[in-house]
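First up is the structure itself, then whatever we jot down about it.
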Amino acid sequence: MKVRSMISNIFGNIKPKYKVINTFKLLNNSDSSFYTWNGKLYDNNVVRSAVGTNGINAAKLNPKHVRIFENEIKDSPNKNLARILKTPNKYMTMFDFLQKMMIQREINNNAFAYIDRDPNIPGMDGILGIYPLEFSSLDLLEDEDSNLFIRFRFRNGDSKIASYEDIIHIRKHFGEHDFWGESNTKTLNSQLEVANITSQGITNAIKNTAFIRGILEFAQVLNPDDRDKQVKDFSERYLDITKNNKGLAYTDPRYKFHETKTEPFVPNKAQMDYTKQEIYEYFNTNEKIIKGNFTDEEWIAYFETTIEPFAIQMSQEMTRKVFTRTERYYGNEIICEANRLANASNSTKIEICKNLKHLFTVNEQREMWNRGPVPGGDKRLQTLNDVNADIADQYQLQKTEGEKVNE
């Protein structure tokens, strides 16, 4: 049986298009490489709760292909791209894809996805799949014709060079470096150190105060071996909760036990909350969003500062990399829609459906309530009290002319 690796499934066996390739020289940075932070950022529970929440909420976005050309709007006009935007590759759904891209963006401030294409079919018709890429380091390269490439080095030791034209690249904290989003190392290192030390300190303190401490006073002088044996025997009989589950003991004239009182450890809640809040704010989230007990206004604020920027980035970068220049000229683009009202309170949804229902189709209103579409539900409902503006102008003009005739 022939075994194919994941790197072969993603990148295939297509020969590179370049002949000579060199390191790409940047304007202000001497190093064109990027390295992921080996500080195990995602292993921290506070970071994971913040980043994981952002990833799940970003995954609720709905990428859609539209074509807007000469005042005509077409929704999902290409069947191949419509399939890709539902199932981007053989390993994941679009929810998984977006979640992974958002998490990589938050952790590394750079997220990458490789567009696997049929080299004989240009543009959106030739796309076979889109794969998010995790990596250990990157190198920015160029060929003799100044075309950009990225060399991905993976954690298993493999490496692969791909054209930058086939890479969806999302950046965050894109400031000092000419090409990469800045690493989180300098900014988060101190907060993570405090969080880890606090967590370890709590664990050790609880262990130290979770069992009885005391002094054994022997009635006679014992040699060291006998003394150690008696202490071990007493500890195993009465201080080991797994062996002494009856809660009873008996007196022994050979020794007396004097218990030493230890106060239970209480962690500094203010310090813990401050460190946690710093990390949450760095990732543009908060405890209410993470726990799901936010108000409408709090959700909108979170959406606009965290999810919407990612949606804009994905829309623009996917449009730029998925379509050819000609396809973009004819109005092809990818938009990442989000039904922000799906997270509104029930009272807000009822008010909107009652007073603003003419702005939404039946299916759009059903989507607010997490219900599937129905046949014929793409029409908007409109009361007889509302008329088209052109009809209203025509009616008003006819009424005015009629009044003049009567005069």
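The values are calculated or read from the model by the stated rules, or taken from the named source; none is laboratory data. Just so it is clear, the model here is predicted, and its values are computed rather than measured. Don't worry about glycine lacking a Cβ; one is built from the backbone with ideal geometry, like all the others, and counts go over all protein chains shown.
Remarks
- Residue pairs whose Cβ atoms lie under 9 Å apart, separated by 6 or more positions or on different chains, with the first residue in segment 349-365 and farther than 19 Å from residue 337 by Cα and the second β-branched (Val, Ile, Thr), are 357/383; 358/383.
- Taken over segment 37-60, the criterion of being assigned to a loop (DSSP other than H, G, I, E, B), at pLDDT 90 or above and touching a Ser or Thr at 6+ places or on another chain (Cβ under 8 Å) is satisfied by no residue.
- Of all residues making up segment 155-192, the number that are outside any loop (DSSP other than H, G, I, E, B) and not β-branched (Val, Ile, Thr): 15
- Verdict on residue 284 being at positive phi and modelled with pLDDT of 90 or more: yes
- So residue 105, is it closer than 30 Å to residue 330 by Cα, of a type in the set (D, E, K, R), touching a Gly at 6+ places or on another chain (Cβ under 9 Å) and crowded, with 18+ Cβ neighbours inside 10 Å: no
- Residue pairs whose Cβ atoms lie under 6 Å apart, sitting 6 or more positions apart in sequence or on different chains, and linking a residue in segment 46-68 that is over 16 Å from residue 322 (Cβ atoms) to a partner that is among the acidic types (Asp, Glu) and buried (at least 16 other Cβ atoms within 10 Å of the Cβ), are 51/106; 54/106.
- Hey, residue 2 in a loop (DSSP other than H, G, I, E, B), exposed (fewer than 12 other Cβ atoms within 10 Å of the Cβ) and at pLDDT below 70 or not: yes
- Some residue of segment 165-185 being at pLDDT below 85 and either within 30 Å of residue 25 (Cα to Cα) or surrounded by 13 or more Cβ atoms within 10 Å (Cβ to Cβ) (or both): yes
- Filtering segment 156-179 to residues that are more than 18 Å from residue 283 (Cα to Cα) and within 21 Å of the chain's Cα centre (by Cα) leaves 167, 168, 169.
- Selected residue (criterion: farthest from residue 112 (Cα to Cα)) from residues of segment 52-99 that are surrounded by 16 or more Cβ atoms within 10 Å (Cβ to Cβ) and small (Gly, Ala, Ser): 52
- Of all residues in segment 5-34, those that are modelled with pLDDT of 85 or more and either outside any loop (DSSP other than H, G, I, E, B) or not assigned by TED's automatic domain parsing to the domain that holds residue 176 (or both) total 4.
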